[in-house]
1. At 7 Å along Cα-to-Cβ for each site, give me the label-to-label distance between E73 and M1 in nm.
2. Can you tell which of E19, E73, E53 shows the greatest fluctuation in a Gaussian network model of the chain with Cα springs below 10 Å?
3. Taking Cα atoms, how many degrees apart are the long axis of helix 65-83 and the longest axis of the chain, rounded to 10 and kept between 0 and 90?
4. Just to be sure I understand the model, the point goes 7 Å from the Cα along the line to the Cβ. What's the resulting H8 to R45 distance in nm?
5. Going by alpha carbons, how many degrees (0 to 90, nearest 10) lie between the helix axis of 19-28 and the longest principal axis of the chain?
6. At a 1.4 Å probe, what is the % contribution of carbon and sulfur to the accessible area of the chain?
7. Take D34, project a point 7 Å from its Cα along the Cβ direction, then tell me which residues of the stretch 44-84 have their backbone nitrogen under 20 Å from it.
8. At 1.306 mPa s and 10 °C, plugging the Kirkwood radius over alpha-carbon pairs of the chain into Stokes-Einstein gives what diffusion coefficient in µm²/s?
Amino acid sequence: MPYALFCHEAKLSKAYPTEADVWKQARQSGLVVDVATEEEKAAPRPVLDNDYEIRPCRPDPQEDPARNQADAEREAELDFQLSS
């Protein structure tokens, strides 16, 4: 089942094939912060900012999660090339 980014009950992102794909998109969008407790100072863990969460979802009727992922990868590569 695909995954997407949510805030409360509102779906905020496109659907992607895996939870890891959504984490990657959220990190690139600046929605992930690294949090460390006293015990975890050496290895902080990523946490979604605000009330965001990643949950399984059904894609919208006209949506293809695999295409969304391919488009996101293509866009990230283009952004990288333009910033170089």
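1. Using points 7 Å along Cα→Cβ, the separation is 2.5 nm.
2. Highest fluctuation among the options: E73.
3. Compared with the principal axis, the helix lies near 70 degrees.
4. So the two model labels end up 2.7 nm from each other.
5. Its long axis makes an angle of about 70 degrees.
6. Ligands and nucleic acids excluded, carbon and sulfur give 51 percent.
7. Once the point is set 7 Å along Cα→Cβ of D34, 44-50 turn out to lie under 20 Å by backbone N, inside the stretch 44-84.
8. Translational diffusion coefficient: 114 µm²/s.
The values are calculated or read from the model by the stated rules, or taken from the named source; none is laboratory data. Just so it is clear, the model here is predicted, and its values are computed rather than measured. Positions of Cβ are backbone-derived with ideal geometry, glycine not excepted, and every protein chain shown enters the neighbour counts. When the accessible area is computed, the model is the full protein with side chains, heavy atoms only, and any ligands, DNA or RNA have been set aside. Shrake-Rupley method; radii C 1.70, N 1.55, O 1.52, S 1.80 Å.
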